[in-house]
Amino acid sequence: MSSTDAQLHEVFTSIQGEGVYLGERQVFVRFSGCNLSCDYCDTDQALSLTPEYKAEQTPGKHDFKNFKNPISKDDLLKLILDLCKPNYFVHSVSITGGEPLLQVDFLKNFLPRLKENKLKVYLETNGTLSNHLEEIIEFIDIVSMDIKLPSSSGCALNVRDFKKFLEIAYLKEVFVKVIVTPLSIIKEIEEAAKVVAEIDNKIPFIIQPAAPGKKIKHLPPISDLFAWRTIAKKHLENVKIIPQIHKALGVL
């Protein structure tokens, strides 16, 4: 993709609803396009490229306007800075998707602009594009990395394939999310925990129940969540069960 322009789905402010930075206010930049199609995807509207993106005009108001794709790095920077008013105490800029690392050529040119403006960069990624991560890791502050379980994602992946990505992400602050559904298998969760422990057993490991949607009809039973946490705790110090809080609050 272009090194000077980006294909976006939306830009807006909200609270972080997942992982260890739960509740922090962020500006979200959602890139279009993904190299996976997980059964539990809750942003499937961003899986493909679209002729337009939408951008919030007033922080927190969700007063969106539509604009033509692609967007230049200068225009995107202005959008972000307009949403980062000093009195809103924005924690960081969430680079999310889709899968933002598909647009690594743009990110290599754009992320330094965020750092020049003293903005913290928070990358949300499916953890599959290690070579792309390596190209931009110097500009990232926090990596929120998924490990996809084949049993529940619907994707033909091997849990061990995520280790190389995690080794690169470990150069910065990183935590791992494992999305679980009623189809999740305990041995895959244990294997994911082992992969993380081989890097550092103190890396936070978040067991995140997928919100019910088109393909996933209900949450996993609490007994399964407890069992999965117990097996992960045999290998890791910091294991938590954290649902998607923004879904519960009904916000983006």
Residues (among the aliphatic types (A, V, I, L, M) and in contact with a His (Cβ under 9 Å, 6 or more places away or on another chain)) located in region 32-46:
Ala46
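Regarding Thr230, is this residue among the polar types (S, T, N, Q) and buried (at least 20 other Cβ atoms within 10 Å of the Cβ)? Steps first, please.
Details: among the polar types (S, T, N, Q): yes; buried (at least 20 other Cβ atoms within 10 Å of the Cβ): no.
It is false that Thr230 is among the polar types (S, T, N, Q) and buried (at least 20 other Cβ atoms within 10 Å of the Cβ).
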For Glu134, are the conditions met, namely being surrounded by 16 or more Cβ atoms within 10 Å (Cβ to Cβ), under 30 Å from Leu83 (Cβ atoms) and of a type in the set (Asp, Glu)?
yes
Residue count, region 123-147, condition among the charged types (D, E, K, R) and within 23 Å of Ile189 (Cβ to Cβ), comes to 2
Looking only at region 33-46, decide whether some residue is on the phi < 0 side of the Ramachandran plot, part of a helix (DSSP H, G or I) and in contact with a strand residue (DSSP E or B) (Cβ under 7 Å, 6 or more places away or on another chain).
yes
Subset of region 164-189 (residues that are assigned to a helix (DSSP H, G or I) and buried (at least 17 other Cβ atoms within 10 Å of the Cβ))
Phe165, Leu166, Ile168, Ala169, Glu188, Ile189
Kindly indicate the residue of region 47-57 that is part of a loop (DSSP other than H, G, I, E, B) and touching a Lys or Arg at 6+ places or on another chain (Cβ under 8 Å) and also surrounded by the most Cβ atoms within 10 Å (Cβ to Cβ) among those meeting that condition.
Gln57
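Please tell me if Ile207 is without any contact (Cβ under 8 Å) to a residue 60 or more places away in the chain, crowded, with 17+ Cβ neighbours inside 10 Å, aliphatic (A, V, I, L, M) and in a loop (DSSP other than H, G, I, E, B).
Spelling it out, it is not the case that Ile207 is without any contact (Cβ under 8 Å) to a residue 60 or more places away in the chain, crowded, with 17+ Cβ neighbours inside 10 Å, aliphatic (A, V, I, L, M) and in a loop (DSSP other than H, G, I, E, B).
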Under the condition of being touching a residue at least 12 places away in the same chain (Cβ under 8 Å) and among the hydroxyl-bearing types (Ser, Thr, Tyr), which residue from region 38-79 is nearest to Ala6 (Cα to Cα)?
Ser72
Residue list for region 92-131, restricted to those being crowded, with 18+ Cβ neighbours inside 10 Å and either over 25 Å from Leu149 (Cα atoms) or without any contact (Cβ under 8 Å) to a residue 24 or more places away in the chain (or both):
Ser92, Val93, Phe106, Leu107, Phe110, Leu111, Leu114, Leu119, Val121
Among the residues of region 114-163, write down those that are among the charged types (D, E, K, R) and over 25 Å from Leu76 (Cα atoms).
Asp146, Lys148, Arg160, Asp161, Lys163
Given (1) over 24 Å from Gly23 (Cα atoms); (2) among the hydroxyl-bearing types (Ser, Thr, Tyr); (3) more than 21 Å from the chain's Cα centre (by Cα), number of the condition Tyr53 does not satisfy
(3)
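Do you know which residues across region 216-252 are of a type in the set (S, T, N, Q), in a loop (DSSP other than H, G, I, E, B) and without any contact (Cβ under 8 Å) to a residue 40 or more places away in the chain? Don't jump to the end; show me each part of the working.
Applying the first criterion (of a type in the set (S, T, N, Q)) to region 216-252 yields 223, 230, 238, 244.
Narrowing further to those that are in a loop (DSSP other than H, G, I, E, B): 238, 244.
Passing the criteria: only Asn238.
Each reported figure results from applying straightforward, stated rules to the coordinates on display, with no laboratory input. Just so it is clear, the structure is predicted and the values come from calculations on it, not from any experiment. Backbone-built Cβ (ideal geometry, glycine too); neighbour counts: all protein chains shown.
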